[in-house]
1. What length, rounded to one decimal in nm, is gained on full extension from A102 through to L190, with 0.36 nm per residue of separation minus their alpha-carbon distance?
2. Provide S91, S148 in ascending order of the number of other Cβ atoms located within 10 Å of each residue's Cβ, fewest first.
3. Can you give the Rg to Rh ratio for segment 115-173, taking only C-alpha atoms and Rh from Kirkwood?
4. If you rank K188, K137 by fewest surrounding Cβ atoms within 10 Å, what's the result?
5. When DSSP assigns beta bridges and you keep just the ones with both residues in segment 85-188, what percent turn out antiparallel, to the nearest 5?
6. Quick one: length gained pulling D92 to A112 fully straight, 0.36 nm per residue minus the C-alpha distance?
7. Report the label-to-label distance for T181 and Y153 in nanometres (one decimal), using points 7 Å from each Cα along the Cα→Cβ vector.
8. Could you give the length gained by full extension between K170 and K130, i.e. 0.36 nm per residue of separation minus their alpha carbon distance, to one decimal place?
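Rule-based calculations on the coordinates, nothing more; no lab input. These numbers were taken from a predicted model, which means no experiment stands behind them. No Cβ is skipped: glycine too gets one built from the backbone with ideal geometry, and neighbour counts run over all protein chains shown.
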Amino acid sequence: MATVLESIVIPRSSALPSPPLSPIAASSVSSLTGRRGLPHYSGLKVSSALQTTRSVGSLSYGPASGLAPRRRRGLVLCEAQDTAVGVPAVSDATWQSLVLDAELPVLVEFWAPWCGPCRMIHPIIDELAKQYAGKLKCYKVNTDESASVATRYGIRSIPTVILFKDGEKKDAVIGAVPKSTLTTSIEKFL
């Protein structure tokens, strides 16, 4: 289900007057705040913060006063620096220099954007890249964009993970497998 926002509310400085929302925008915002959450996106974290107490005349409204119900506003925090891993893509042009001529063992994941099981194994490859940093190079090959590399190594099913050492194919794992399966294969060649 998709939701179209008609307006985005951005806090303004207290020195600037805040224009009232149109009835359409106000109803859109209130219908969104009544929902119990946003869709889940990797690297994003939704958190709630209480609004500060406001004074109008002699009355105080807000969490401390108890006169008005607590109002929450959602904050979306980007944690990409913690979750992003630099598993670079390899193309036909960079295959020789990055994979075959590498001094360290190399793990290459062959994948495609439309492949569901590939999306399941991406986080595992990212974890392995962190875990074996300095001991193993990890790369991803999009088989739609680099078909000649995939053909050269007989990739008929994706995801396929191939381990290379000294420019030679040493092991291949086909399908979305658990991390322990890939770790066992990696440990043989370190």
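1. 30.3 nm
2. S148, S91
3. Radius of gyration relative to Kirkwood radius: 0.95.
4. Least crowded to most crowded, the residues run K188, K137.
5. Values: 11 of 18 bridges.
Within segment 85-188, antiparallel bridges account for around 60 percent of the total.
6. Numbers: separation 20, 0.36 × 20 = 7.20 nm, distance 1.50 nm.
Extra length available between D92 and A112 comes to 5.7 nm.
7. Spacing of the two 7 Å Cα→Cβ label points: 1.7 nm.
8. 12.3 nm
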